[in-house]
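See structure below.
What follows is calculated from the coordinates using simple rules that are stated; it is not laboratory data. Remember, it's a predicted structure, so these values are computed and weren't measured experimentally. Reconstructed Cβ throughout: ideal geometry from the backbone, glycine too, with neighbour counts over all protein chains shown.
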Amino acid sequence: MDPAHRIMLETVWEALEDAGIAGKNIIGSDTGVFIGKAHLGEPLYKDFMNELDPVAFTGMISSTISGRISYLFDLKSINMVIDTACSSSLVAVHNACKALQNKECKMAIVGGVSLSLFPSEDNRIEMMESPDYKLKPFDKEANGTVWGEGIGVLILKPIKKAIEDKDNIYAVIKGSASNSDGTSNGMTAPNAIAQENLLITAWERAGVTPETIQYIETHGTGTSLGDPIEIKGISNAFKRTTSKKQFCGIGSVKANIGHLIGASGIASLIKVVLCLKHQVIPPTINFDMPNSFINFIDSPVYINDTLRKWERSEYPRRAGVSSFGLSGTNCHVVVEEYLDENVRDDCENDFPLVFTLAAKNQEALYEMIKRYNLFITENININVRNICYTVNTGRSHFEHRLAFVVRSKSDFLNKIKILKDLELKSGNHEGFYYNAHKILMEHKANSIDKGMTSEEIKRFSNMANKKLSEFVQTGRTNLMLLEEVCSLYVDGADVEWELLFKDMSVKKISLPFYPFSKKKILGSKF
């Protein structure tokens, strides 16, 4: 399998976990998959294989990067790989938004990938590289771009549905637009008029006043030709509606991580989303003096070259993200901060809860315990109720399971510390429940294999959910019921954890990811 396929799968899984969406919750759903991948001077992985097996072929062609995700999750909506060169992944975001608006899908997985797998020189794109391997966006010494590697994934949903599902929401895409340069000074040369029109269209679709845009993450490749044209397009777009000067900051993440080609757009968008979340704008590095062809003094924009707290005005924090392709395909996305005024992160837990962890094997479970210990150490003030809600309703429940009752925040913190030194054995050990179950096929129910049939799982599940409902209905005071639910859960019960959080103010939050095994399986051949 092409490493781009495998790492994309891992990143998609982590994005789903971070969103608080358990894998089983999207199986068979109307979820679209949109992946941006440029093939700019990149040889196909299959071309370097001495012997190409027909089965292995599916792991080496670009179209199956998205197709494999749809296949593994049994997703029913469209999947596609988009190549518009450098704008590929932001165009993927734009197409995903349109598919959601047109109700072609109910959720979208959007990604971008750029990996340099082979140590070979490529003279076709060498002419665009900086000779000193330093990318200097909008600087007078800008002399070319620097290539980078990366994979990024976003999970998109209509905002009303995401709020209803209590998902982990980072930001809101207000609108997007895409267009083409048409005829310009050359096939690969940018077009300032096209870029100007692109921004105007995106702002109109987003329904925002241009003056409320406080920051734009530019394409910013650090080339003497592209940078002035981009500033000209942005400036002319703003000047259609305002005469204000230097009110909108600009920057380029490419100075930090290089030009990710097909993944550059989604990298820029992720940067802006994190800026909105943390309410800061980091500096664009390698900027000293402006390009002599750019008049920033008379421009609506300025280079953000220092770490700046992102103050909120009378409007929500808003930003734009631009990505322009060598193909002539341009894209711009308008993003706004998400304001959640319904949930207090600092509220203490009022009722007993349950904390669960699940993994494919005991080794992975131990690793998860380590990750949660580190996470809690670094986030001591985090809301325990939201932690329990996220792990129980937003993560997959694999065969190896751990559970314990949480009586208070101090009880939770103490038990998490105890866990790191606890030897996991089946049963109940001082309030910690652990077991590993295996589901048997019905015809093996009487075999010597240890396990449970689907009917037994169903019976355990009914018992657990009945006890959970009783716990809630009787005032959430009978801890013995919760202990019994923990025991049934680790034995294999499918628990409807939403019952435990009925009428509670909760939301899903970012928590440690599942630890993938990095062991290669050897000795197998189709």
Item checked: Gain in span if fully extended, Met1 to Ile297, counting 0.36 nm per residue against the direct Cα distance -> 101.4 nm
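Please give the calculated 222 nm ellipticity per residue for the chain, where each DSSP H segment of at least 4 residues contributes -39500 (n - 2.57) and the sum is spread over every residue; nearest 500 deg cm²/dmol?
Working: 14 runs with 169 residues, N = 526.
Only helices count here, giving -10000 deg cm²/dmol.
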Checklist line | Rounded to 10°, Cα long-axis angle of helix 264-278 versus longest principal axis of the chain | finding: 70
Checklist line | Percentage relative contact order, segment 362-501, counting C-alpha pairs under 8 Å, at least six apart | finding: 26
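Multiply the residue gap between Lys245 and Ile418 by 0.36 nm, knock off their C-alpha separation, and tell me the result in nm, one decimal place. Spell out each step's value before the answer.
Details: separation 173, 0.36 × 173 = 62.28 nm, distance 5.79 nm.
Contour length minus the Cα-Cα distance gives 56.5 nm.
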Check: Can you sort Met128, Met1 by how many other beta carbons sit within 10 Å, fewest first?
Finding: Met1, Met128
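Residue separation times 0.36 nm, minus the C-alpha to C-alpha distance between His39 and Ser426: what's the value? Write down the numbers at each step before the final one.
Numbers: separation 387, 0.36 × 387 = 139.32 nm, distance 5.07 nm.
Roughly 134.2 nm would be gained on extension.
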Item checked: Net charge of Cβ neighbours under 12 Å - reference Asp298; Lys, Arg +1; Asp, Glu -1 -> +4
Checklist line | Candidate values (1) 68, 56, 55; (2) 77, 56, 45; (3) 76, 61, 43, label of the one derived for Cα extents along the principal axes in Å | finding: (3)
Margin query: Taking loop as defined by DSSP and a crowding limit of 11 other beta carbons within 10 Å, which GluC sites (Glu not before Pro) in segment 348-412 fit?
Written below: Glu348
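What order do you get for 250-257, 107-114, 352-359, 454-461 when each peptide is scored by the mean count of other beta carbon atoms within 10 Å, highest first? Don't skip to the end; give the middle numbers.
On the way: 250-257: 23.4, 107-114: 29.0, 352-359: 21.6, 454-461: 15.2.
Ranking, from highest mean packing down: 107-114, 250-257, 352-359, 454-461.
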Check: Using Cα atoms only, what is the angle between the long axis of helix 362-378 and the major principal axis of the chain, expressed in degrees (0 to 90) to the nearest 10?
Finding: 60
Margin query: Which one, Leu115, Ser224, Leu154, projects farthest toward the positive side of the charge dipole computed for segment 3-337 from Cβ point charges (K/R +1, D/E -1)?
Written below: Leu154
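State, as an integer percentage, the relative contact order of the chain based on alpha-carbon contacts under 8 Å between residues 6 or more apart.
Numbers: 1079 pairs, mean separation 85.1, N = 526.
It comes to 16 percent, rounded to a whole number.
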Next item on the list: Treat the count of other C-beta atoms within 10 Å as a stand-in for reagent exposure and order Lys24, Lys37, Lys520 from fewest to most.
Entry: Lys520, Lys24, Lys37
Next item on the list: Could you state the angle between the C-alpha long axis of helix 479-490 and the longest principal axis of the C-alpha atoms of the chain, as a value from 0 to 90 degrees rounded to the nearest 10?
Entry: 70
Notebook entry, point to check: Projected onto the charge dipole of segment 3-337 (+1 at Lys/Arg Cβ, -1 at Asp/Glu Cβ, origin at the Cα centre), which of Ser252, Phe57, Ser178 gives the Cα projection farthest towards the positive end?
Noted result: Ser178
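Sort 332-339, 73-80 for me by packing, meaning the mean count of neighbouring Cβ atoms within 10 Å per residue, highest on top.
Going from most to least packed, we get 332-339, 73-80.
If you put +1 on each Lys and Arg Cβ and -1 on each Asp and Glu Cβ, how big is the dipole of the chain around its Cα centre, in Debye rounded to 20? Please list the in-between numbers first.
Working: 60 positive and 64 negative charges, 154 e Å.
Dipole size: approximately 740 debye.
Taking R0 as 22 Å, what FRET efficiency do you get between Leu374 and Ser408 from their Cβ-Cβ distance, rounded to the nearest 0.05?
Details: r = 22 Å, r/R0 = 0.99.
Taking R0 as 22 Å, the efficiency between Leu374 and Ser408 is 0.50.
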